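Engineer: Okay, here's the structure, questions in a sec.
Throughout, read-outs are computed from the coordinates displayed, never taken from laboratory work. Since this is a predicted model, take the numbers as computed values, not measurements. Glycine also receives a Cβ, built like all others from the backbone with ideal geometry; neighbour counts cover every protein chain displayed.
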Amino acid sequence: MGKNFLLFSEYNLDLGTRTYWHSVPGNERADQLARQASSVAFVGPEPVLPIPHIVIKMAIRNCANRLSDKHWQGLTTCRQANEMITGRCQRRERDLLALPRQMLRPVIGILTGHSHVQRHLSLIGLSNDPFCSYCSEVIETTSYFL
């Protein structure tokens, strides 16, 4: 069983070949016909990738996610969002996207620090005091509020 590699500029994506239906009754004939067809010279446009489309799609998605995570971790801006969102989580993404817009807006505001807390209100000029309205000792950020 060999390995196929697909190179996108400097990113090397491992697209290893796998057998998903090994020893499943009735598929031996299909495997035999596939081996016979693969021994015939290919006629058509080049390059040829003898791997399933979904494997390529998943490899590209995983590469994009790794690059996105690396970029996110390297940001020096978005301090509040970086504190609240530590990494990619498919379940959290799915749950957030399932929320209605009226509920999603305040959640995103809390995660990014763009909510109605004193620090943010003072940054945008709607308040003179960034300190907590109740104790007046600590700057009221979203993480303090939570």
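Engineer: Estimate the FRET efficiency between Gln90 and Lys70 by the formula 1/(1 + (r/R0)^6), using the beta-carbon distance for r and 25 Å for R0, to the nearest 0.05. Please list the in-between numbers first.
Structural biologist: Numbers: r = 18 Å, r/R0 = 0.71.
After rounding, the FRET efficiency stands at 0.90.
Engineer: Multiply the residue separation of Ala98 and Ser143 by 0.36 nm, subtract the distance between their alpha-carbon atoms, and state the gained length in nm to one decimal.
Structural biologist: Details: separation 45, 0.36 × 45 = 16.20 nm, distance 2.40 nm.
Taking Ala98 through Ser143 to full extension adds about 13.8 nm, to one decimal.
Engineer: Hey, another quick one. With θ set to phi - 60° and the Karplus curve 6.51 cos²θ - 1.76 cosθ + 1.60, what are the ³J(HN,Hα) couplings of the range 120-133 in order, to the nearest whole Hz, using x for Gly and Pro?
Structural biologist: 5, 4, 6, 5, 8, x, 9, 8, 8, 10, x, 7, 4, 5
Engineer: While we're on this one: Considering only DSSP states other than H, G, I, E and B, which trypsin sites (Lys or Arg not before Pro) in the range 78-143 qualify as loop sites with at most 14 other Cβ atoms within 10 Å? Kindly include the intermediate steps, with their values, before the conclusion.
Structural biologist: Details: sites: Arg79, Arg88, Arg91, Arg92, Arg94, Arg101, Arg119; in loops: Arg88.
Loop-located and lightly packed - Arg88.
Engineer: Shape of the range 79-146 from its Cα gyration tensor (a ≥ b ≥ c, root eigenvalues): rounded if a/c is under 1.5, otherwise prolate when a/b > b/c, or oblate?
Structural biologist: On the way: a/c = 2.74, a/b = 1.99, b/c = 1.38.
Verdict is prolate for the range 79-146.
Engineer: If I model a spin label as a point 7 Å beyond the Cα along the Cα-Cβ vector, how far apart are those points for Ile56 and Leu33 in nm?
Structural biologist: Inter-label distance under the simple model: 2.3 nm.
Engineer: Kindly identify the range 43-126 as rounded, prolate or oblate by the Cα gyration tensor criterion: order the square roots of the eigenvalues as a ≥ b ≥ c, call it rounded if a/c is under 1.5, otherwise compare a/b with b/c, prolate if a/b is larger, else oblate.
Structural biologist: Values: a/c = 3.76, a/b = 2.41, b/c = 1.56.
Here the range 43-126 falls in the prolate category.
Engineer: Which net charge results for the neighbourhood of Arg88, defined as the other residues with beta-carbon distances under 15 angstrom from its beta-carbon, given Lys and Arg at +1 and Asp and Glu at -1?
Structural biologist: On the way: positive: Arg61, Arg66, Lys70, Arg91, Arg92, Arg94; negative: Asp69, Glu93, Asp95.
The answer is +3.
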